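Visitor: The following block contains the structure, expressed as structure tokens.
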Amino acid sequence: MSVVIRSIASYIAPIRVTNEELAAKMDTTDEWIRSHTGIGARHFAPDGIQTSDMAASAAKSALENAKISPHDIDYVIVATATPDYFGFPATACIVQDKIGAYGAAAFDVVAGCSGFIYALDIASSMLESSHGRNALVIGADSLSRITNWEDRSTAVLFGDGAGAAVVSRIDEGARGCLSFILGADGSGAKDLYLVQPERSSAYERQAPMVPVISMNGKKVYDFAVKSIIVAIERLLHKTMYRLEDFSWIVPHQANARIVQAAAKRFSIPREKIYMNIEEFANTSAASIPIALAEMSEKGLLKANDLVMLVGFGAGLTYGAAVIRW
Ligand code: ACO
């Protein structure tokens, strides 16, 4: 028995904003953003499009690609830091309704940009141990909604989008999701968190206030480089694979410099690492499935390719996975 990614698809938000366009509105430059992050553009969702809309769109495309009905889905899992409603209901429940997966259980996973890897591990374990056959694992985030546009050090980093995978239990062995490493360091919780504006009085009627991102960039940078290295070392030790065995390493697209630093530590050739940060910036939980969907569309993922996913994010969290495609 194996748990495989049967299909993958994405929703690319339609409003493309280049560095130059941002620089016309805030004190930054294309040169600074490119040299510090590798980002050239980002995509934003239009007003009225919620995280669940992007997630549902990616999910519908993934279902079409897999040629399975929403009625055959047992679990809808949405990894997101930007749910439609803070607290409840889960965005996954809204997606379940929007796609008509009425037989599915639905819940969200909150693990920042590592969310897709966390959700994939959860889905894989649930399908292995239950009678379920199929899960939709979705990473979706609308970071433009929680961006602090007064803070140029974070405002230039993020974009919106969604990626969805149909994950299925099959009877063949030794394929699909082979191994996972998950980790967290909660002492860094406030290095990347949502600041909730303070209310003057609990009894006063006030309009809801939107929380915004606060990040200690240097601390997150150091954590990111360290955690990618630790995750790769632990995964290689656990699986006994060598880096040469991998056709692709697909990292969370947060900052090209973070990935370059980790690649240098292991002498990983540039062409084995898939990067699309230049076009999409950091789409948080959506970044890895958007990258996988793009690779799949380009025909870069061949049957039996060994693929490593590796990510880090708010929490602080990190995760890595080995998949036999
Ligand atoms: N445009 C121009 N100048 C800027 C900008 C900007 N957008 N932002 C900051 N600067 C300036 C600063 O003011 C500072 O100026 P000063 O020297 O005059 O004080 C200078 O650039 C250097 O600032 P640093 O913060 O030291 O820049 P650094 O090289 O550390 O890069 C960055 C900042 C890109 C944020 C980096 O720290 C980083 O990538 N950190 C990790 C971020 C990350 O990966 N976050 C995602 C986590 S995943 C999740 O869960 C969402």
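The values are calculated or read from the model by the stated rules, or taken from the named source; none is laboratory data. Nothing here was measured: the structure is a model prediction, and the numbers come from that model. Cβ atoms come from the backbone with ideal geometry, glycine included; neighbour counts cover every protein chain shown. What goes into the accessible areas is simple: the full protein's heavy atoms, side chains included, and nothing from ligands, DNA or RNA. Shrake-Rupley method; radii C 1.70, N 1.55, O 1.52, S 1.80 Å.
Visitor: Taking every DSSP beta bridge that has both residues in the chain, what percent is antiparallel when rounded to the nearest 5?
Guide: Given both bridge residues lie in the chain, the antiparallel proportion sits at roughly 70 percent.
Visitor: Something else now. For the chain, what's the relative contact order in percent, using C-alpha pairs closer than 8 Å and at least 6 residues apart?
Guide: Relative CO of the chain lands at 26 percent.
Visitor: Okay, next question. Relative contact order of the stretch 114-206: what whole-number percent is it, with Cα pairs under 8 angstrom and at least 6 residues apart?
Guide: The normalised contact order for the stretch 114-206 reaches 27 percent.
Visitor: What full-extension length gain, to one decimal in nm, is calculated for Glu21 and His237 as 0.36 nm per residue of separation minus the Cα-Cα distance?
Guide: Between Glu21 and His237, full extension yields 73.2 nm more.
Visitor: Using a Förster distance of 22 Å, how high is the FRET efficiency between Asn304 and Arg265, based on the Cβ-Cβ distance and rounded to 0.05?
Guide: Calculated value: 0.20.
Visitor: Counting only DSSP beta bridges with both residues in the stretch 2-174, what percent are antiparallel, rounded to the nearest 5?
Guide: Antiparallel: roughly 70 percent of the beta bridges in the stretch 2-174.
Visitor: Hey, got a sec? Which chymotrypsin sites (Phe, Trp or Tyr not before Pro) in the stretch 89-170 land in a DSSP loop and have at most 15 other Cβ atoms within 10 Å?
Guide: Those that pass, being in a loop and sparsely packed, are Tyr102, Trp149.
Visitor: Using +1 at the Cβ of each Lys and Arg and -1 at the Cβ of each Asp and Glu in the chain, identify which of Gly87, Trp325, His36 lies farthest towards the dipole's positive end.
Guide: In the chain, that residue is Trp325.
Visitor: Please get the size of the charge dipole for the chain, origin at its Cα centre, with Cβ charges of +1 on Lys and Arg and -1 on Asp and Glu, quoted in debye to the nearest 20.
Guide: 660
Visitor: Same structure, new question: Largest first, how would Glu150, Glu244, Glu279 line up by accessible area (1.4 Å probe)?
Guide: Most to least solvent-accessible, the answer reads Glu150, Glu244, Glu279.
Visitor: Translational diffusion coefficient, Stokes-Einstein: compute it for the stretch 2-174 using the Kirkwood radius over C-alpha pairs as Rh, at 10 °C and 1.306 mPa s, and state it as an integer in µm² s⁻¹.
Guide: Diffusion coefficient, whole number: 95 µm²/s.
Visitor: Jot down the per residue volume, in cubic angstrom and as a whole number, of the convex hull over the alpha-carbon atoms of the chain.
Guide: Spelled out: Cα convex hull of the chain, divided by residues, is 139 Å³.
Visitor: With every protein chain present, what accessible area does Cys113 have (1.4 Å probe, heavy atoms only), rounded to the nearest 10 Å²?
Guide: 20
Visitor: Cross-link partners among lysines for Lys60, C-alpha distance below 29 Å, same-chain residues fewer than 8 apart left out?
Guide: Partners found: Lys98, Lys298, Lys302.
Visitor: Further question on the same structure: Would you calculate a helix-derived [θ] at 222 nm for the chain, using -39,500 (n - 2.57) for each DSSP H run of n ≥ 4 and dividing by the full residue count, to the nearest 500?
Guide: The helix contribution divided over the chain gives -10000 deg cm²/dmol.
Visitor: Something else now. In debye, nearest 20, what is the charge dipole magnitude of the stretch 58-193 about its Cα centre with +1 on Lys and Arg Cβ and -1 on Asp and Glu Cβ, if you could check?
Guide: The calculation lands at about 180 debye.
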